[in-house]
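Scroll down for the structure; my scribbles are underneath it.
The values are calculated or read from the model by the stated rules, or taken from the named source; none is laboratory data. Keep in mind it's a predicted model, so treat the numbers as computed, not measured. Neighbour counts run over all protein chains shown; Cβ positions are idealised from the backbone, glycine included. Please note that ligands, DNA and RNA were not included when accessible areas were found on the heavy atoms of the full protein model with its side chains. Shrake-Rupley method; radii C 1.70, N 1.55, O 1.52, S 1.80 Å.
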Amino acid sequence: MPGLRLCLCLCAAAAVLGLSAGNRNCPDLIVDSCLCTAERAKGPGRQPVRIKVVCSGGDLVETLPPAALPNRTVSLILSNNKILWLKNVSFIGLRSLERLDLKNNLISTIEPGAFYGLSELKRLDLSNNRIGCLTPEIFVGLNSLHKLNLSGNIFSSLMYGLFSELLSLKALHFHTDSLICDCNLKWVLQWARNASVRIAEETVCIYPSTLQGLAFRNLKENQLICAGPLELPLFELIPSQRQVVFHGDRLPFQCTATYVDNTTQVHWYHNGHLLETDEESGIFVEDSIIHDCCLITRELILSSIDIDATGDWECLVNNSYGTSRKQVEIVVLETAAPYCPAERVINNKGDFSSISLRNGAEEPKAWRKCNRTGRWAEQNYSECPYSQEVTQVLHAFSEMHINGTTAPEFSRQLMAYTRGASNFADKMDIIYLAFIMEKLIGFMDEVEDLGDAIVEIASNVMLVDDHVLWMAQNEEKACTRIVQCVEHIASQMLTSNTQVISKVSLNIALEAFMIKPSSFIGMTCTAFQKISANSDRSLIRDVGSWEAVYHPDQYLNFKCNTGSISGSLLNFSTKNAVAVASVHLPQSVFSQSSALQSVDNSTCKLQFIVFRNGKLFPSTGNSSNLADDGKRRTVATPAVFAKIDGCSFGNLTSPLTIGLRHFERGIDPIAAFWDFDLLDGHGGWWGEGCHIISSSGNITTIQSTHFSNFAVLMELKTVLSFPQYPGEFLHPVVYACTAVMLLCLFASIITYIVHHSTIRISRKGWHMLLNFCFHTALTFAVFAGGINRVKYPIICQAVGVVLHYSTLSTMLWLGVTARNIYKQVTKKPQPCPNSDQPSYPKQPLLRFYLISGGVPFIICGITAATNINNYGNEGNAPYCWMAWEPSLGAFYGPVAFIVLVTCVYFLCTYVQLKRHPERKLCHSSLHYPPEDIGGLKLGGAQRYMNSASRQNGAV
């Protein structure tokens, strides 16, 4: 231990001495982001101190002054800053400097002689900047330079003789994303060979395409030729998309291209005709501008567009290699022409803004057509990628080619990806999954494990939100297709070699058998789920207590027994498990009266499937003709499927018995089966041939005379029970509460109007209270009556406007009231008026009406005038209000400000009352502000006293 302490002390002392030495070596360097270190060169005798200065990753916009650096600096690191240019003699005086690192800056200009005085410099790094102009004068004075890195800049070629001043150069890097390997670089190969300079391997050609990716140093001189076709690293036309403008508009264009050599020129054309400046026509063609020695730009300005400007406008770039061109179409509209209003469309392909397009030969990826009456007609977004990553991935899955070899790995990847199905929010996610599962079914004969994957994927789909599943079913019958894929597993997997199959998952369990009708004695299959060993078994009777989490021990499973005795869910004997459903198939199902001869005269395929809930069976239409008899019932139990393939059946003489445990509380249960043929193939619940035979606690037993998917539908006992698809009315509780609120508000208004003369309240307070009650009542009434009128666009917009106005006005009247209370508290009480004192004039109340009513009117008017579509159900929202972005500035911002000011007034009032408690009594009596005295009506004894005093005065 003493030795360890001594070692730590010595290290700390060395660090302190090193830091102090570093400070001594760089006394003038005061930049916080710089670090200065010193060391002695290795060798015999006392060697000079070598100083290294690192100023990397800071915000330097220019190089450090040479005077701030020690003369003995041998290494200067200025990388990862924001240096813009290098001035002449930027490093004068640093005669010992051997390494200079300027990579990853913003350098675009280097003045001649910028490195003058660095006679000992051996390594210079200028990579990853924006250098386009390079001349031999830049490198004057670098006689000892060994390594030069120019990679990652914007130049596309190198001037002849550029490195003539670098007599000691040994290694050169000059790779760029726009490097053109042509005859203009032939001299570099010759110079490198003669001067024994090694060109880096990573310096590769980008253009022309015939040499792309080839290392420059491995090229032969005869490969570096100047010939067509012209390939430009940069060729940009702004704007590049079709322009729709009105007669008289101004429109500028800018064309920028790589400046290959001095023969490069830029020209503008309109409908094939060369353009020159024509002031009378409003056409101005500017002169070409060469910048950074590597780019050429020429502008075209249409100052006043005429109707003749319709057509193609083209930028043409040509040089000795050839020609390249880009064009943009202009559509000129008359100001009186009918056009469609700009609209914002939000869907699963993204957020689109529509503009009026009357015609056009080439259609973009996303388009809408405007008809002659100024209305939007056709639209197409099919070419656009999906905006959600999940949908993009599933779309990619659906387009993959599958065969017997790739199907196992493909299904495993899809199964793993769908474990996050609870985050799927687009109907297309479910539609693509249904399509993929239908493809996988075709390979089940070749790949045995596909059955497990299909059941697992279908189970994961049941984690998706109900409404997303409903939309997918309504659009493409996706849920029906997924269920049919699961039901198709047994018919393909059961063979003479495979007599029994069993598939388990979180939400679906499947059990199937090959059976012989002649020896069938009946069968009962019970679906169960494991529960925690320390769980109280009595809690199983509580609804929902058996809901699973994503864990293999919680998966659904089957336990089947042969025989004619029907098992009860309550008497299920498996340890630490709860039964959720059971199916009993009696022996008489194969009696001569009910079953015809089997297809192969010996065997049939019997299968049972249990679905944890009814999420894969969404009803997409009006259910008045379905099993729920017009009531709003939903599936409250697992859904159980039973079927026999290979034998033909009519109605069963002995019914199936199905036991189901509820996972929801409800009333008025009814037994039903899923009919795939209802509602034009979308399917629906139907009650024919099904009936309930008993119900005990949370277990219901039903019987059916045919095979299908069975469940119990109930009217759920919830405070807010919404349908599976958007309804037309709000919950009755909303209307009841609104009616009570309106009754109270209008009772207050009528009371204050009728009994104004007997209620002690100031004139201001009376007006403020009535207006606050009226606008609050208006807000409640419009909300309850119109918030969900999304089917009527005009009414929906009107509701949005009125709600916007009434809410803002309510908040402003509340704020004005708070201000009035504060004014009363802070004013000194006035003595009672008498004949010797003049009465105070009434102050007008118009200013309060202008603030509380006028300000909301102005805000609503500006919002509606900007775009009336800001109101309504923007973005297919299920309510009538405002679009999100406009509401930030037009509603939430003002309301937040009003609430803040109101709270400040109330806080100040509270502080005043705390400081001056005597004002509580004063202001609770008849001491009103002077301007309100004229508005008070004195009653009772006070009126009598005033009358008596007047009589005494008369006497």
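Quick one: work out the % antiparallel among DSSP beta bridges in region 23-227, nearest 5.
25 percent
Mind checking the per residue accessible area of region 235-333 for me, 1.4 Å probe, whole number of Å²?
49 Å²
Find how much the distance from VAL89 to LYS823 grows on full extension, using 0.36 nm per residue of separation minus their present alpha carbon separation; answer in nm with one decimal.
Using 0.36 nm per residue and subtracting the Cα-Cα distance, I get 257.2 nm.
Which percent of the accessible heavy-atom area of region 187-298 goes to carbon and sulfur, probe 1.4 angstrom?
That fraction is 47 percent.
Over the Cα atoms of region 235-333, what radius of gyration and what Dmax do you get, in Å?
Rg and Dmax of region 235-333, Cα atoms, are 13.5, 41 Å.
Can you pull the percent of region 866-905's accessible area that's carbon plus sulfur, 1.4 Å probe, other chains left in place?
Carbon and sulfur atoms account for 67 percent of the accessible area of region 866-905.
Once the Cβ-Cβ distance between LYS220 and TYR269 is put in as r, and R0 is 41 Å, what FRET efficiency do you end up with, to the nearest 0.05?
0.55
Have a look at the DSSP beta bridges in region 235-333 and tell me what percent are antiparallel, nearest 5.
90 percent
State, to one decimal in nm, how far the label point of VAL895 lies from the label point of ILE693, with both points 7 Å from Cα in the Cβ direction.
5.7 nm
Kindly provide the pair-distance distribution of region 119-252 built from C-alpha pairs, with 10 Å bins from 0 and whole-percent values in order of increasing distance.
Pair shares across the bins are 11, 38, 27, 11, 7, 4, 1.
Say each of LEU907 and SER353 gets a label point 7 Å from the Cα, pointing the same way as Cα to Cβ; how far apart are those two points in nm?
3.9 nm
Provide LEU121, LEU888, LEU29 ordered by accessible surface of protein heavy atoms (probe 1.4 Å), highest first.
LEU888, LEU29, LEU121
Ignoring ligands, DNA and RNA, what accessible area per residue does region 51-167 give at 1.4 Å, in Å²?
For region 51-167, the per-residue accessible area is 40 Å².
Quick one: length gained pulling ARG193 to LEU770 fully straight, 0.36 nm per residue minus the C-alpha distance?
Using 0.36 nm per residue and subtracting the Cα-Cα distance, I get 198.1 nm.
Computing the accessible area with a 1.4 Å probe over protein heavy atoms, can you report the carbon and sulfur percentage for region 389-493?
The C+S portion of the solvent-accessible surface of region 389-493 is 48 percent.
Given the protein chains as shown and a 1.4 Å probe, how many square angstrom of LEU769 are accessible, to the nearest 10?
Accessible area, nearest 10 Å²: 50 Å².
Taking each pair of different alpha-carbon atoms in region 23-227 once, compute 1/r for the pair, average those values, and report the inverse of that mean as the Kirkwood hydrodynamic radius in Å to one decimal.
Roughly 18.0 Å, rounded to one decimal.
State in Å² the accessible area per residue of region 389-493; use a 1.4 Å probe, count heavy atoms of protein chains only, and round to the nearest integer.
On a per-residue basis, 40 Å².
Taking all protein chains together and a probe of 1.4 Å, list SER157, SER505 from the most accessible to the least accessible.
Putting SER157, SER505 in descending order of accessible area: SER157, SER505.
Roughly how far apart, in whole Å, are the Cα centres of region 275-330 and region 194-269?
Using only Cα atoms to place each centre, the spacing works out to 18 Å.
Which sequence of ARG375, ARG72 reflects their accessible areas, 1.4 Å probe, from the largest down?
ARG375, ARG72
Once you place label points 7 Å from the Cα toward the Cβ at SER519 and ALA68, how far apart are they in nm?
Calculated label separation equals 9.6 nm.
Kindly rank 481-491, 452-462, 199-209 from highest to lowest mean number of other beta carbons found within 10 Å of each residue.
So the order, starting with the most tightly packed, is 452-462, 481-491, 199-209.
GLU343 to VAL31: FRET efficiency via 1/(1 + (r/R0)^6), r the Cβ-Cβ distance, R0 60 Å, to the nearest 0.05?
0.65
Evaluate E = 1/(1 + (r/R0)^6) for ASP668 and ALA227, where r is the Cβ-Cβ distance and R0 equals 60 Å; express this FRET efficiency to the nearest 0.05.
The formula returns an efficiency of 0.10 here.
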